[in-house]
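The values are calculated or read from the model by the stated rules, or taken from the named source; none is laboratory data. Quick caveat: nothing in here was measured; it's all calculated off a predicted structure. Cβ: placed from backbone, ideal geometry, glycine included. Neighbour counts: every protein chain shown.
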Amino acid sequence: MSSVLITGAAGFIGSHLVKRLLSDGHSVIGVDNFLTGSKENLSELLEKPNFSFIEQDVSVPHDVSLYGSTKIDLIFHLASPASPNKNSPKSYIAYPIETLLVNSIGTYHMLLVAKEHGSSVLYTSSSEIYGDPAESPQKETYFGNVNPTGIRSVYDEGKRFGEAMVMGFVRKHGLNARIIRIFNTYGPYMQKDDGRVVSNFINQALVGQNMTIYGDGSQTRSFCYVDDMVEGLIRAMFTEGSKGEVFNLGNPDERTIRELAELVKKLTQSSSDIVNQDLPEDDPKRRCPDITKAQTMLGWGPKIGVEQGLEKTIRYFKTV
Ligand code: UDP
């Protein structure tokens, strides 16, 4: 059993990862500054004997001793705002500087902790590093098409810098680190107000408000259920031969945003109207992961289909 440090532990994917690692028998130290994560996500975890929590912004210089003297075997560095919706108070658009810092200096700090402890590292990058992709589906070998000064650039370039920093430590110091490019992920404990498409559509459908498609809804995304994502993160960390590798994790079942709106409307039996609003700046037209590498090297693929996952998520949203 391992001693694990997770940054972004109060976030959506982070809190699911903590739960899974604890139930697998590992000891977990969670770190978060609650910028976009939420204390409620941790409420049932704080009582668990093998879990401890440290409130810390990992972008700010801090002493490695903060994490105690027990050797940390594994570090999952997830901390970062992640929603692009400019209307949401929790988006990376609302926190542009913090987003750049946590992925650059924050990543540097966590890599220094890993170097000190001899830990293995998993850095969660994003499909956003592909920008508005000129090829689809996106393979890990695709370099992307990012606007370096556009509204999304704080996240895209932050993640690209983070990836480069991780590879710097792998090459210079032989650190055992891997990079995951997370594609759209959804499920219970998503932030209700983060402005992402799945949470917006479900919220709107459940109360009979207009469901807001940005643009004409022909843009595509692919939606991965959170339990599948967590399984992929764990496999990437524990599989031999993943050092220095980059993996796309996501569900390759590509859907248009209009199809998603219609599906959520059907599953919630909602009487909401589906309406169109302005498309945000630099909104990618297509997003679909090529997951051949994760399938081959990690034996991983999503098991929960979009309909089934949305049903579980809708059930959760009815309770919050
Ligand atoms: N979107 C939408 N209505 C909403 C929220 C988002 O049509 O209420 C669109 C958004 O413009 C994008 C897609 O849904 O094309 C996915 O948006 P999200 O914010 O979930 O994540 P992204 O993949 O853009 O990072």
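Values as computed for the structure displayed
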item: When residues of region 195-215 are limited to those that are part of a loop (DSSP other than H, G, I, E, B), farther than 16 Å from residue 259 by Cβ and in contact with a strand residue (DSSP E or B) (Cβ under 9 Å, 6 or more places away or on another chain), the one nearest to the ligand (Cβ to nearest atom); result: 196
item: In region 236-267, residue modelled with the lowest pLDDT [restricted to those that are out of contact with any strand residue (DSSP E or B) (no Cβ under 9 Å at 6 or more places or on another chain) and charged (D, E, K, R)]; result: 240
item: Of the criteria (1) more than 29 Å from residue 74 (Cβ to Cβ); (2) crowded, with 16+ Cβ neighbours inside 10 Å, which one residue 192 fails; result: (2)
item: Residue ID - nearest to the ligand (Cβ to nearest atom), chosen from residues in region 183-194 that are aromatic (Phe, Trp, Tyr) and in a loop (DSSP other than H, G, I, E, B); result: 183
item: Some residue of region 69-81 being among the acidic types (Asp, Glu) and in contact with a strand residue (DSSP E or B) (Cβ under 7 Å, 6 or more places away or on another chain); result: yes
item: Hits in region 216-234 - residues which are within 12 Å of the ligand (Cβ to nearest atom) and either small (Gly, Ala, Ser) or surrounded by fewer than 17 Cβ atoms within 10 Å (Cβ to Cβ) (or both); result: 216, 217, 218, 222
item: Qualifying residue in region 61-73 (condition: of a type in the set (Phe, Trp, Tyr), out of contact with any His (no Cβ under 7 Å at 6 or more places or on another chain) and surrounded by 14 or more Cβ atoms within 10 Å (Cβ to Cβ)); result: yes
item: Every residue from region 78-106 that is small (Gly, Ala, Ser) and either buried (at least 21 other Cβ atoms within 10 Å of the Cβ) or free of Cβ contacts under 8 Å to residues at least 40 places away in the same chain (or both); result: 79, 80, 82, 83, 91, 94, 106
item: Residue among 90, 86 that is at pLDDT below 95 and in contact with a strand residue (DSSP E or B) (Cβ under 7 Å, 6 or more places away or on another chain); result: 90
item: Which numbered condition residue 163 misses (of (1) near the ligand (Cβ under 10 Å from one of its atoms); (2) assigned to a helix (DSSP H, G or I)); result: (1)
item: Boolean, residue 228 is of a type outside the set (Lys, Arg) and not in a helix (DSSP H, G or I); result: no
item: Unique residue being in contact (Cβ under 8 Å) with a residue 12 or more places away in the chain, surrounded by fewer than 17 Cβ atoms within 10 Å (Cβ to Cβ) and farther than 15 Å from residue 12 by Cβ when the list is 116, 47; result: 116
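Here is a yes/no grid of residues against (1) under 30 Å from residue 202 (Cα atoms); (2) crowded, with 17+ Cβ neighbours inside 10 Å; (3) of a type outside the set (Ser, Thr, Tyr):
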| position | (1), (2), (3) |
| --- | --- |
| 126 | yes, yes, no |
| 132 | yes, yes, yes |
| 143 | no, no, yes |
| 155 | yes, yes, no |
| 172 | no, no, yes |
| 182 | yes, yes, yes |
